[in-house]
Amino acid sequence: MPYAFSGFILDTEQRLLTVSNRPVQLTRQSYELLCYLVANPQRVITRDELIEHVWKGRIVADNTVDQSISKLRKSLNSAREGQYIEALYGEGFRFTPKGELTSAAGRTNRGRWFIIGVLVLFLAVAALSVTIWSGSRSIDAPPRPTQSAPSLTQPYAKDPRPAVAILPLRNHSEGAASFASGIHEEVLSQLSRIGTLRVISRTSVMRYEDTSATMPAIASELGVDAIVEGSVQQAGDQIRIHVNLIEASSDSSLWAHTFDRQLSAENLFAMQSEISKAIAATLDAKLTARDEARLARRPTNNLNAYQSFLLGRHNFDLRLNGEQGMLERAEKHYLQALELEPKYAEAMAGLAMVYAVYRDYSQSPLPQPAREIAIEYAQAALELEPSLGEPHAVLGLLSPDVTRGQFHLLRAIELEPNNSAALLWAGELDLATGFLERAETRFLAARDVEPTSPSATQWLAIAAYLRGDHAAAIEYAEQGRAMGFIPARGMLSIIHFWNGRAEKSAELLQTTAPAAERDAWLDLVTRAEPNGNPSPEMVNVVLGPDQGASIPHFRILYMFAIGAIDEGYELIEKRLPHGISAFVYVWHAQHPELRAHPAFTRLADQLGLPQYWAATELPRMCQTVPSSGFRCY
């Protein structure tokens with residue numbers, strides 16, 4: 001039954017609390033507590049009554065009730081400031097919502113028609129705002145997903161969760177290195193889905209595969225509290241997995257165990273589950289019911305299918321090392337897993353990830369666009385197993401509609417809080433929709449779980465650059481440059497060009513611009529003026545011999561930098577069918593002329609930004625204008 005109070009809507013059937021159409025995150029305990037308070041407004045409720053009805057008579061301390069009330073107050077106030085729960089010393093608590101508490105399923109026709117009237121008015125206002133933005137054309141709002149997702153606005157703070165890094169497991173078997181690597185990645189994947197732990201990503205721990213660094217040194221570099229090391233040994237139909245959890249500060253073992261089992265899919269999953277539970281318990285990371293269900297799940301009973309899946313994941317990660325053909329190998333192994341186990345949801349999710357990034361990492365042609373294949377596999381995976389986060393991340397990345405894209409990305413983060421790809425893609429979407437500060441918090445969160453990620457560092461540089469903080473942008477880009485990330489040099493060259501340091505920009509272009517175009521680029525930065533009046537020759541230099549088909553983001557940035565706004569928007573339009581991230585560059589805070597251009601309104605309309613803003617909020621650089629809808633400056 002839906003209840004309305006103080007601007008909130010509590011839908012007890014959907015188990016969802018919203019304010020201004022935005023979901024409010026609540027723990028299960030806070031939700032149960034709120035439901036009981038809402039059902040008993042303006043009445044003093046004792047602690048004993050709450051323990052009886054909310055805690056179902058379990059033995060709990062008084063301060064447990066107080067802490068739960070305090071947590072619920074904070075959740076409500078973070079969404080909408082107000083006084084909702086009154087504490088009465090020695091008596092209990094009273095729920096005091098502002099205004100009348102109403103039920104959308106009210107007892108009278110009058111109440112029902114009032115709610116319907118409010119909904120009709122809301123829809124009319126929303127439709128009017130879209131019509132004002134779009135002129136006389138009618139735009140159909142995108143279908144709304146039925147599932148809930150976490151709040152869109154969560155300020156970033158240093159992650160307080162216990163942090164652990166799982167180092168690559170040593171292989172003690174002849175010729176089974178990829179199998180040992182697959183076991184490592186699966187243990188890491190299971191742990192990373194536990195929301196109360198911060199688990200360092202695979203890409204950041206792989207550099208320590210053959211390291212001689214001490215455990216405290218590794219922990220310091222990765223910013224973790226504990227490290228897991230171990231080994232895998234396979235002999236015939238037997239497998240041994242040894243695991244050691246080490247406290248970073250003292251370099252001493254917190255927990256260690258050796259598992260000896262017969263090699264089977266069931267035993268592998270059981271060992272991985274036991275390892276994950278033991279590590280979580282040792283680090284005082286509490287498991288939710290969803291965590292328990294995930295750890296108990298057995299995706300397949302086919303050992304060969306599972307081994308093919310592990311090889312697929314192993315090769316998918318190797319693509320980041322720049323090794324050619326890794327994505328094709330990952331595709332091959334995932335497909336083999338599906339041949340052996342046609343309803344293997346994780347293998348489908350793996351293929352969805354492969355095809356989602358296919359354009360950037362593979363030269364092999366496909367019979368149909370990789371984007372379409374990725375979406376098909378992601379949807380199929382979710383139909384089989386809705387708790388997987390990766391398919392949501394893929395759907396969020398590839399969705400042509402920002403509202404639906406944001407929903408899927410936030411859902412992916414909710415299901416897998418340590419999914420650095422989902423955090424990065426959510427940050428890119430935040431940048432593209434004008435929320436620069438929020439994007440930066442996403443990139444920082446992604447870097448928390450992937451400290452050595454050049455992508456997160458590069459996007460932090462872009463976010464700072466768009467905010468106009470060139471000093472911070474240079475610092476981030478230099479960090480990326482130190483990682484050997486070539487695009488970071490391009491970012492630095494653009495920043496120096498903007499600031500009139502042509503010589504420094506030219507120096508960086510020596511190792512950034514394509515070799516065949518290098519002389520033309522060097523001539524460009526010495527002759528062009530930032531935000532000036534570029535000649536057709538200068539525009540052609542930025543376009544390149546293939547007219548902007550290569551390094552599209554690099555060319556967009558430079559096109560805007562030299563003042564060729566029309567041509568910059570043309571490049572954005574070329575890129576948009578492949579992803580929304582090209583639109584981020586129109587949001588440079590110090591260059592409102594980019595948003596005054598007619599193409600801004602047209603492309604924002606095409607991407608569904610008016611509907612998205614109407615359902616959430618306006619970015620800082622935009623305001624409502626009665627005569628024309630939204631105006632961004």
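The values are calculated or read from the model by the stated rules, or taken from the named source; none is laboratory data. Source: prediction; values computed, not measured. Neighbour counts run over all protein chains shown; Cβ positions are idealised from the backbone, glycine included. Side chains are part of the model used for accessible areas, which takes the heavy atoms of the whole protein and leaves out ligands, DNA and RNA. Shrake-Rupley method; radii C 1.70, N 1.55, O 1.52, S 1.80 Å.
Looking at region 457-468, can you tell me whether even one residue there is open to solvent by 60 Å² or more (accessible area, probe 1.4 Å) and not in a helix (DSSP H, G or I)? Before the answer, list the steps.
At the first step, the residues of region 457-468 found to be open to solvent by 60 Å² or more (accessible area, probe 1.4 Å) are 467.
In the following step, the residues that additionally are not in a helix (DSSP H, G or I) were identified as none.
No - not one qualifying residue is present in region 457-468.
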Original post:
Can you name every residue in region 561-604 that is open to solvent by less than 10 Å² (accessible area, probe 1.4 Å), more than 26 Å from I375 (Cα to Cα) and among the small types (G, A, S)?
Top reply: A561, A564, G568, A599
Original post:
Could you give every pair whose Cβ atoms fall below 6 Å, whose first residue belongs to region 221-232 and is within 11 Å of E450 (Cα to Cα) and touching a residue at least 12 places away in the same chain (Cβ under 8 Å), and whose second residue is open to solvent by 10 Å² or more (accessible area, probe 1.4 Å) and not in a strand (DSSP E or B), counting only separations of at least 6 or pairs across chains?
Top reply: L222/P451
Original post:
Listed residues P619, P610; which is assigned to a loop (DSSP other than H, G, I, E, B) and open to solvent by less than 10 Å² (accessible area, probe 1.4 Å)?
Top reply: P619
**OP:** Just name the residue that is nearest to the chain's Cα centre (by Cα) out of those in region 218-234 that are over 16 Å from R161 (Cβ atoms) and open to solvent by 40 Å² or more (accessible area, probe 1.4 Å).
**Re:** E221
**OP:** Given the conditions (1) part of a helix (DSSP H, G or I); (2) touching a residue at least 24 places away in the same chain (Cβ under 8 Å); (3) open to solvent by 20 Å² or more (accessible area, probe 1.4 Å), report the number of the one that G500 does not fulfil.
**Re:** (1)
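Can you list the helices (runs of 4 or more DSSP H) lying wholly within region 503-569 that have 1 or more residues being modelled with pLDDT of 85 or more and within 22 Å of R359 (Cβ to Cβ)? First the steps, then the outcome.
On the way: elements: 518-527, 536-543, 552-561.
Here the list reads 536-543, 552-561.
I need the full set of residues from region 268-277 which are surrounded by 16 or more Cβ atoms within 10 Å (Cβ to Cβ) and either closer than 15 Å to Y306 by Cα or out of contact with any strand residue (DSSP E or B) (no Cβ under 6 Å at 6 or more places or on another chain) (or both), in order please. Explain how you work it out, then say what you get.
First pass over region 268-277, keeping only residues surrounded by 16 or more Cβ atoms within 10 Å (Cβ to Cβ): 268-273, 275-277.
Those that are surrounded by 16 or more Cβ atoms within 10 Å (Cβ to Cβ) and either closer than 15 Å to Y306 by Cα or out of contact with any strand residue (DSSP E or B) (no Cβ under 6 Å at 6 or more places or on another chain) (or both): L268, F269, A270, M271, Q272, S273, S276, K277.
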Subject >> Qualifying positions in region 395-436 - aromatic (F, W, Y) and touching a Pro at 6+ places or on another chain (Cβ under 6 Å) >> reply: F407, F435
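Got a number for residues in region 313-350 being among the acidic types (D, E), modelled with pLDDT under 85 and open to solvent by 30 Å² or more (accessible area, probe 1.4 Å)? Before you say what the answer is, go through the steps one by one.
Going residue by residue through region 313-350, those that are among the acidic types (D, E) are 317, 323, 328, 331, 339, 341, 346.
From what is left, the residues that are modelled with pLDDT under 85 are 317, 323.
Now narrow it down to the ones that are open to solvent by 30 Å² or more (accessible area, probe 1.4 Å): 323.
Total meeting the criteria: 1.
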Subject >> Where a residue in region 207-220 is assigned to a helix (DSSP H, G or I) and its partner, wherever it lies, is open to solvent by 50 Å² or more (accessible area, probe 1.4 Å), with Cβ under 8 Å and at least six apart >> reply: M215/D251; P216/S249; P216/D251; I218/T211; A219/D225; A219/S249
Subject >> Residues of region 281-299 that turn out to be closer than 16 Å to E186 by Cα, open to solvent by less than 70 Å² (accessible area, probe 1.4 Å) and either charged (D, E, K, R) or at pLDDT 90 or above (or both), as a count >> reply: 3
